[in-house]
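Data block below; observations after.
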Amino acid sequence: MWLLVAILAVPLIEIGLFVVVGGMIGLWATLAWVIVSGMIGMSVLRAQGMQGAAELRSGLRSVDPLSPLIHRVLTLVAGLLLILPGFLTDALGLLLLIAPVRSLVIGLLASRVQVRGMPVREAHRPEPGFIDAEFHEVGEDEAAQPPTRGKSGWTRH
């Protein structure tokens, strides 16, 4: 439901902001702002692509490897928001470029996430006495046959 409201509300807010801000600063300044913010967004995306692998590698050695990854994702979202024409999306994109704001957003998102299930270390630990194997039942006629050359008879391939 909230997604539908957002899909309908964002374009209406953007149109209203274009009318109000465009009336205050003029047509050419409004068009220049849209072009400049799009260029800033593209340069943010390009810069994130260039430094991505090295930053991700160094982040994997840290205590929380997801933190640098989430910061990168939010920076990419900021670049995409800057590319979209509109004052609201530009304001949100510029806010996401600020590291403390990204940390605040990560904290808000993390407080809403619930992890359920067994911890990873315990998920693959077998029960005591449990043997994981495959078998093939051998009938009496197969068991009476002598083993083939080079094979022990205990294994069949």
key: Selection status of Ala110, open to solvent by less than 50 Å² (accessible area, probe 1.4 Å), in a helix (DSSP H, G or I) and at pLDDT 65 or above   = no
key: Pair list, Cβ under 8 Å, 6 or more apart: the range 67-84 residue open to solvent by less than 60 Å² (accessible area, probe 1.4 Å), other residue of a type in the set (Asp, Glu) and in a helix (DSSP H, G or I)   = Pro68/Glu55; Arg72/Glu55; Leu81/Asp90; Leu82/Asp90
request  = Could you tell me whether the range 41-56 includes any residue that is over 24 Å from Val113 (Cβ atoms), over 20 Å from the mean Cα position of the chain (by Cα) and either part of a helix (DSSP H, G or I) or modelled with pLDDT under 90 (or both)?
outcome  = yes
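The values are calculated or read from the model by the stated rules, or taken from the named source; none is laboratory data. Because the structure is a prediction, the values reported are computed rather than measured. Heads up, the Cβs are rebuilt from the backbone with ideal geometry, glycines too, and the neighbour counts pull from every protein chain shown. Protein only, heavy atoms only, side chains kept; ligands, DNA and RNA dropped before computing areas. Shrake-Rupley method; radii C 1.70, N 1.55, O 1.52, S 1.80 Å.
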